[in-house]
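Below is one structure, written out as structure tokens; comments come after it.
The values are calculated or read from the model by the stated rules, or taken from the named source; none is laboratory data. Note that this is a predicted model, so its numbers are computed, not measured. Every residue, glycine among them, receives a Cβ derived from its backbone with ideal geometry; neighbour counts consider all protein chains shown.
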Amino acid sequence: MSRRDPRELAAKAGRLLASAGGAVAVQFVTAGGSLVVQALAARTLGADGYGAYALYFAVLVMITAVQTSFVGDTLTVFDRFDPKVRGALVLAVGGTMLVGAAVGSAVVAAMGRADPAEAAVFALLVALWLLNETGRRVFTARMEFWRLTLNDACYLLVTLSALGALLGFGADASVLLVLAAMCVGCAASIVLARLRLPAEEYALAPVRGAAIREIAGFAWWRSVQAGIRPGALLVARLMVAGLASTAALAAVEASRLLLAPAMTFVNGAGWFLLGDFAKAERAGRPMRAVQAVRGCALMAGVALVMSAAGIALGGLLGPVVTGGSFDIDRTALFGWGVYAVCFACTLPLASLATARKRSRSVFAIRGVESAVGLLVLLGLLVADGGNASLVPYCLGSGGLVSAALLWRMLRRGDPVADAAPTEARPAAEPAADDVPAVG
């Protein structure tokens, strides 16, 4: 080993840590920006208007979760510069934008909001949002998280500026106004991404002969898999509201907000790990299961510390979150800490399985985990509505079993320790050593 090797390894480790920090930072910028926009909507639209906006935003999040798993994870795991893969991605991006806009229009119709302008603007917002999300995932695939953070900050600042300018010029506060401002913010972020990403990331490819079947086989299961956790949370919320009360649900949800930073950290680290694992797979030096377990230990430790801080500050921050109108649920507060730690124990293993294109297996394991947790919760709520505070325990603790099953599955597929690397990564794909530390 040469004398320069230790310094080169240290430099590489520093760049990877900077990228990981960016992956977490972008989650906080995205979550914080969303919170600010929603808070302003609540202040300016009134109860009825904000209720409509909240429904619009929930639909937007649902559509995005499916699209970003179908398109974004595909361009991260597969070689997006392969003409056949690229052709399939072109079809997927265009198709999901059209379908997403159509679903958005259908939601407007189902809501009974007959304003054609509002329907048109929401459909446009869905299309722009999904296109912007595709650009965000290109940054992720390139491991350029600090650049992505700047793009997300651009969206937030332009959206707020557009909303302020429209209100300042005398426009009436309305759902249409907020949606239009979000469209302007998305458009600005799309333009910024186009200027900051290299031209090869926007190169088109022929759709004839595209690897549509191969991509769809992976992306379909990945999309379904990605919907398990938010779907389980949605079902749990409906169960609490129906079998306990909306007041009980409010207390449980307020407790979850206090520990949102821990779960945001886990999500951000998961973005980084999926990109890192996929990059290693394409380079012919696949990661072993033990490396994912190390990631589990590190993430779980950080999540534990952040959760402990949130729990310790619960008495101080609780009234800030609730406005003093109701109390947070202390039992649920501890439970969300358990949920965050168990989530951290599972995510790195699920990311490695996804990088190995085992999305169907991850879906089966996580699906059973969520179904069992929901059934246990249902039994507890039927027995006593006061058990609503046990939601996070029911949905989180099964993650430890899933982690063990994923570990067993990944070990069986581990590469041979002394196997020689296969072919090198594509020339257009940046090496791990070339990942920029900052934007």
Some residue of the stretch 380-397 being at pLDDT below 75, polar (S, T, N, Q), outside any helix (DSSP H, G or I) and not assigned by TED's automatic domain parsing to the domain that holds R142: no
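Can you work out which of the residues in the stretch 99-111 that are within 21 Å of the chain's Cα centre (by Cα) and surrounded by fewer than 21 Cβ atoms within 10 Å (Cβ to Cβ) is modelled with the highest pLDDT?
First pass over the stretch 99-111, keeping only residues within 21 Å of the chain's Cα centre (by Cα): 99-101, 103-104.
Filter once more, keeping what is surrounded by fewer than 21 Cβ atoms within 10 Å (Cβ to Cβ): 99, 103.
On the way: V99: 89, V103: 82.
Within the stretch 99-111, the match that is modelled with the highest pLDDT is V99.
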Residue count for the stretch 239-260, restricted to those that are surrounded by fewer than 18 Cβ atoms within 10 Å (Cβ to Cβ) and over 28 Å from L313 (Cα atoms): 1
Single condition D172 does not satisfy, out of (1) in contact with a helix residue (DSSP H, G or I) (Cβ under 9 Å, 6 or more places away or on another chain); (2) among the charged types (D, E, K, R); (3) without any contact (Cβ under 8 Å) to a residue 24 or more places away in the chain: (1)
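Quick check, is T96 at pLDDT 75 or above, in contact with a helix residue (DSSP H, G or I) (Cβ under 8 Å, 6 or more places away or on another chain), in a helix (DSSP H, G or I) and closer than 13 Å to A219 by Cβ?
Working: at pLDDT 75 or above: yes; in contact with a helix residue (DSSP H, G or I) (Cβ under 8 Å, 6 or more places away or on another chain): yes; in a helix (DSSP H, G or I): yes; closer than 13 Å to A219 by Cβ: yes.
Taking the combined requirement at face value, the residue satisfies it.
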Flag for E200 being at pLDDT 80 or above and surrounded by fewer than 20 Cβ atoms within 10 Å (Cβ to Cβ): yes
The stretch 169-185, subset under 23 Å from A101 (Cβ atoms) and small (G, A, S), residue surrounded by the most Cβ atoms within 10 Å (Cβ to Cβ): G185
Pairs where the first residue, in the stretch 50-72, is modelled with pLDDT under 75 and the second is among the acidic types (D, E) and surrounded by fewer than 21 Cβ atoms within 10 Å (Cβ to Cβ), C-beta under 7 Å, 6+ apart: none
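Among the residues in the stretch 114-134, are any assigned to a loop (DSSP other than H, G, I, E, B) and under 21 Å from the mean Cα position of the chain (by Cα)? Give the derivation first.
The first filter runs over the stretch 114-134 and keeps only residues assigned to a loop (DSSP other than H, G, I, E, B), leaving 114-115.
Imposing the further condition that a residue be under 21 Å from the mean Cα position of the chain (by Cα) reduces the set to none.
No; the residues of the stretch 114-134 include none that is assigned to a loop (DSSP other than H, G, I, E, B) and under 21 Å from the mean Cα position of the chain (by Cα).
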Filtered residues of the stretch 112-124 (kept if surrounded by fewer than 23 Cβ atoms within 10 Å (Cβ to Cβ) and closer than 13 Å to I63 by Cα): A123
Residue in the stretch 131-168 that is farthest from E201 (Cα to Cα), counting only those that are surrounded by 20 or more Cβ atoms within 10 Å (Cβ to Cβ) and among the hydroxyl-bearing types (S, T, Y): T159
Selection count, the stretch 203-217, where residues are surrounded by 20 or more Cβ atoms within 10 Å (Cβ to Cβ) and in a helix (DSSP H, G or I): 1
Hey, V302 β-branched (V, I, T), surrounded by fewer than 16 Cβ atoms within 10 Å (Cβ to Cβ) and assigned by TED's automatic domain parsing to the domain that holds Y393 or not: no
Helices (runs of 4 or more DSSP H) fully within the stretch 224-301 counting 1 or more residues that are under 20 Å from D384 (Cα atoms): 228-243, 246-258
Cross-chain or 6+ apart pairs with Cβ under 8 Å, the stretch 374-386 first and more than 12 Å from R237 (Cα to Cα), then aliphatic (A, V, I, L, M): L380/L390; V382/L243; G385/L243; G385/A244; G385/A248; G386/A244; G386/A248
Pairs where the first residue, in the stretch 293-308, is closer than 19 Å to R411 by Cβ and the second is surrounded by fewer than 22 Cβ atoms within 10 Å (Cβ to Cβ) and of a type outside the set (A, V, I, L, M), C-beta under 8 Å, 6+ apart: V293/W407
Residue within the stretch 355-373 that is in a helix (DSSP H, G or I) and over 23 Å from the mean Cα position of the chain (by Cα) present: yes
From the options A355, A340, residue that is surrounded by 24 or more Cβ atoms within 10 Å (Cβ to Cβ), under 23 Å from R237 (Cβ atoms), of a type in the set (G, A, S) and in contact (Cβ under 8 Å) with a residue 24 or more places away in the chain: A340
